[in-house]
């Protein structure tokens, strides 16, 4: 049976990226379990620790999540008292997500997570940054295609 070279499994870009994403996410689990966060909840909290407040639309665009995925995630974080949803006074269609004091305090507990992850993966912080620097440009080049 003849297989076209471009269709060989070993020549595919998608599988190593897909498998690596799953494996890295699984390495986060013990650390995030200590914080009582899922991986998507952790991503939301990272953005809020950085910006203090974001509207739902910007949060969804940044995380590349649609409202059907983001809304239940935010409800669970609100139930844990880590965030609060506040309607904008200027435009009631806009919902802002803000950290609660409890959510802000969780940042200190999470501070070592990136270093612990690198250690768990057996790579240095520099190697982790190099990998991120290599893939991020492609991610953002492809991101506009998600909207179409």
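Computed values, structure above
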item: Restricting the stretch 1-41 to residues that are part of a loop (DSSP other than H, G, I, E, B) and within 15 Å of the chain's Cα centre (by Cα), the residue that is surrounded by the fewest Cβ atoms within 10 Å (Cβ to Cβ); result: 38
item: Lone unmet requirement of (1) surrounded by 11 or more Cβ atoms within 10 Å (Cβ to Cβ); (2) modelled with pLDDT under 95; (3) more than 16 Å from residue 24 (Cα to Cα) for residue 124; result: (3)
item: Qualifying position, being exposed (fewer than 11 other Cβ atoms within 10 Å of the Cβ) and either without any contact (Cβ under 8 Å) to a residue 24 or more places away in the chain or assigned to a helix (DSSP H, G or I) (or both), among 142, 77, 138, 115; result: 142
item: Single condition residue 54 does not satisfy, out of (1) surrounded by 16 or more Cβ atoms within 10 Å (Cβ to Cβ); (2) out of contact with any strand residue (DSSP E or B) (no Cβ under 6 Å at 6 or more places or on another chain); result: (2)
item: Among the candidates 48, 43, residue that is under 18 Å from residue 85 (Cβ atoms), touching a strand residue (DSSP E or B) at 6+ places or on another chain (Cβ under 7 Å) and modelled with pLDDT of 95 or more; result: 48
item: Scan of the stretch 57-74 for residues that are assigned to a loop (DSSP other than H, G, I, E, B) and either touching a residue at least 60 places away in the same chain (Cβ under 8 Å) or surrounded by fewer than 16 Cβ atoms within 10 Å (Cβ to Cβ) (or both), ordered by number; result: 64, 66
item: Selected residue (criterion: surrounded by the fewest Cβ atoms within 10 Å (Cβ to Cβ)) from residues of the stretch 80-106 that are without any contact (Cβ under 8 Å) to a residue 60 or more places away in the chain and in a helix (DSSP H, G or I); result: 101
item: Hey, residue 48 in contact with a helix residue (DSSP H, G or I) (Cβ under 9 Å, 6 or more places away or on another chain), closer than 30 Å to residue 121 by Cα and touching a residue at least 40 places away in the same chain (Cβ under 8 Å) or not; result: yes
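The values are calculated or read from the model by the stated rules, or taken from the named source; none is laboratory data. Only a predicted model underlies this, so the values are computations on that prediction, with no experimental measurement involved. Counting neighbours? That spans all protein chains shown, and the Cβs are built from the backbone with ideal geometry, glycine included.
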